[in-house]
Amino acid sequence: MFAGMINAISKWAIPVLIAGIVAYGYFKRIKVYEVFTEGAKEGFTTAVRIIPYLVAMLVAIGIFRASGAMNLLTSILSPITRLIGMPPETVPMALMRPLSGGGAQGIMTDLFKTYGPDSFIGRVAATMMGSTDTTFYILAVYFGSVGIKNTRHALPAGLVADFVGLVTSVLVCRLVFGA
């Protein structure tokens with residue numbers, strides 16, 4: 001019964017939300033279509049503005065992986081990560097996640113293919129994916145696109161949040177799933 005209710009809500013959530021926004025705009029006498037197209041135009045302009053930063057970040061990630069630095073860093077960090085019970089197989093994903101969501105997704109997919117999504121490694125990887133963010137990507141692309149050169153506390157705060165997310169992912173998976 002609960003699953004059926006969730007499925008029904010899932011099916012209707014987005015159409016109801018969109019209809020609600022349009023109705024709200026209509027009653028507030030907002031030209032919804034014109035505002036939507038203006039926002040879409042601004043979104044396209046932003047996308048074009050961030051392309052150079054995106055390309056630079058992707059090239060840097062490619063160099064990092066192709067140079068063998070990822071494997072070297074993984075082997076150096078594995079003894080430390082074992083102290084908190086992090087499977088060594090998830091270390092590359094933990095390192096890639098702050099750099100690139102797509103790169104981390106690819107590593108997680110490989111972990112799923114190798115160990116299965118319901119394995120402890122798969123569950124830790126999936127939980128890490130949802131508990132951390134692409135800190136360097138955000139700083140390079142979004143800060144760069146609006147011209148912020150001094151990130152001040154954004155980098156340390158983002159990395160601390162990523163670290164806490166990674167450690168908590170492992171601890172919660174150990175608590176919930178055992179292993």
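The values are calculated or read from the model by the stated rules, or taken from the named source; none is laboratory data. Everything numeric here is computed off the predicted structure, so don't read it as measured data. Don't worry about glycine lacking a Cβ; one is built from the backbone with ideal geometry, like all the others, and counts go over all protein chains shown.
Any residue that is part of a helix (DSSP H, G or I) and surrounded by 20 or more Cβ atoms within 10 Å (Cβ to Cβ) - is there at least one of those in the stretch 149-161?
Checking the stretch 149-161: not a single residue is part of a helix (DSSP H, G or I) and surrounded by 20 or more Cβ atoms within 10 Å (Cβ to Cβ).
Among the listed residues 127, 168, 135, identify the single one that is within 12 Å of the chain's Cα centre (by Cα), over 21 Å from residue 58 (Cα atoms) and surrounded by 14 or more Cβ atoms within 10 Å (Cβ to Cβ).
127
Mind checking whether some residue in the stretch 45-64 is over 21 Å from the mean Cα position of the chain (by Cα), crowded, with 17+ Cβ neighbours inside 10 Å and farther than 21 Å from residue 161 by Cβ?
No, that holds for no residue.
Is one or more of the residues making up the stretch 36-44 in a helix (DSSP H, G or I), within 19 Å of the chain's Cα centre (by Cα), modelled with pLDDT under 90 and closer than 28 Å to residue 145 by Cα?
No.
Name the single residue that is nearest to residue 62 (Cα to Cα) among those in the stretch 101-124 being surrounded by 14 or more Cβ atoms within 10 Å (Cβ to Cβ) and among the β-branched types (Val, Ile, Thr).
Of everything passing the filter in the stretch 101-124, 107 is nearest to residue 62 (Cα to Cα).
Assess whether residue 176 counts as being of a type in the set (Val, Ile, Thr), more than 25 Å from residue 48 (Cα to Cα), within 15 Å of the chain's Cα centre (by Cα) and surrounded by fewer than 17 Cβ atoms within 10 Å (Cβ to Cβ).
Against the criterion (of a type in the set (Val, Ile, Thr), more than 25 Å from residue 48 (Cα to Cα), within 15 Å of the chain's Cα centre (by Cα) and surrounded by fewer than 17 Cβ atoms within 10 Å (Cβ to Cβ)), residue 176 does not qualify.
All but one of (1) modelled with pLDDT of 90 or more; (2) assigned to a helix (DSSP H, G or I) hold for residue 71; state the number of the condition that does not hold.
(1)
Does at least one position in the stretch 16-35 carry a residue that is in contact with a Gly (Cβ under 8 Å, 6 or more places away or on another chain) and part of a helix (DSSP H, G or I)?
Checked against the condition, which is being in contact with a Gly (Cβ under 8 Å, 6 or more places away or on another chain) and part of a helix (DSSP H, G or I), the stretch 16-35 yields at least one hit.
Before we move on, is residue 123 basic (Lys, Arg) and either within 20 Å of residue 104 (Cα to Cα) or in contact with a helix residue (DSSP H, G or I) (Cβ under 7 Å, 6 or more places away or on another chain) (or both)?
yes
Residues in the stretch 65-84: is at least one touching a residue at least 24 places away in the same chain (Cβ under 8 Å), at negative phi and not β-branched (Val, Ile, Thr)?
The answer is yes, given that some residue of the stretch 65-84 is touching a residue at least 24 places away in the same chain (Cβ under 8 Å), at negative phi and not β-branched (Val, Ile, Thr).
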